[in-house]
Amino acid sequence: MISGAKAGVWEERDGVVVVDGIALEAGEYDLTLEAGGVADGTAIALLAGDGFVLLDTTTTPELEAEGLARDVIRAVQDTRKAAGFDVSDRIRLGLVFDDEADGEAVSAAFDIADVAGETLALAHSVRTRTAELAASGDSGTPIEFEAVVDAGTYANRGAFTVSVGRTGATA
């Protein structure tokens, strides 16, 4: 029976596995999928019925940037909640990234991920710590609440600061 199973002389009939004409009982076998020749970056899964799904799991820098921007949306929403803002409060949003690459990624994907729309930000700035230190004077944006998101909390390499302030406009 083992040689028949290895040779592929088996089938599934009405939920029962039959190897070389012999029906097996539950617990006498493990039905698993071994996919040879599947490229790295590909996930495979069996469907409940017949068939399977192959999923390309490779990412691009653009997808990673969009993912980080969506993580930032969550961090902003958490900050709004911690600040006691109403769900409908429009805000001014300031983001300051310690890691240059994180700041560049979020800046590049800001519109694609609709960070401003998702967080109800009527005004926003995305800066890096280096740019923040080099800037002279006050940005003119009153800050009501700040939160620091530690490195690695999401897909961020470095920490970042979320600053929010109400604009006075509501929905």
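The values are calculated or read from the model by the stated rules, or taken from the named source; none is laboratory data. In this text, all values refer to a predicted model and were calculated from it rather than measured experimentally. Glycine gets a Cβ as well: all are built from the backbone with ideal geometry, and neighbour counts include every protein chain shown. To get the accessible areas, we keep the full protein, side chains included, count just its heavy atoms, and leave off ligands, DNA and RNA. Shrake-Rupley method; radii C 1.70, N 1.55, O 1.52, S 1.80 Å.
Whenever you get a sec, compute what percent of the accessible area on segment 45-154 sits on carbon and sulfur atoms (1.4 Å probe).
Carbon and sulfur together cover 53 percent of it.
When the dipole is taken about the Cα centre of the chain, and only Lys, Arg (+1) and Asp, Glu (-1) are charged at their Cβ, what size is it in debye, to the nearest 20?
Its charge dipole is roughly 800 debye.
Compute the long axis of helix 61-82 from its Cα atoms, compare it with the longest principal axis of the Cα atoms of the chain, and write down the angle in degrees, 0 to 90, nearest 10.
Long axis of 61-82 versus the principal axis of the chain: about 60 degrees.
Between Arg74 and Leu46, what's the calculated FRET efficiency when r is the beta-carbon distance and R0 is 41 Å? Round to 0.05.
0.80
Where does helix 100-109 land angle-wise versus the long Cα axis of the chain, in degrees 0 to 90, nearest 10?
Approximately 80 degrees, to the nearest ten.
What whole-number value in Å² describes the accessible area per residue of the chain for a 1.4 Å probe?
Result: 63 Å² per residue.
Per the Debye formula with a single identical scatterer at each Cα and no solvent contribution, what log10 I(q)/I(0) holds for the chain at q = 0.11, 0.19 Å⁻¹?
Ignoring solvent entirely, the Cα scatterers give -0.61, -1.18.
Need one number: nm distance between label points at Glu118 and Glu146, each 7 Å from Cα along Cα→Cβ, rounded to one decimal.
It works out to 2.4 nm between the two label points.
Relative contact order of the chain, please, whole-number percent, based on alpha carbon pairs below 8 angstrom and at least 6 residues apart.
Taking the mean separation of contacting Cα pairs over the length of the chain, I get 21 percent.
For the chain, modelled as a Gaussian network with Cα springs under 10 Å, which listed residue fluctuates most, Val106, Val18, Val126?
Highest fluctuation of the listed residues: Val18.
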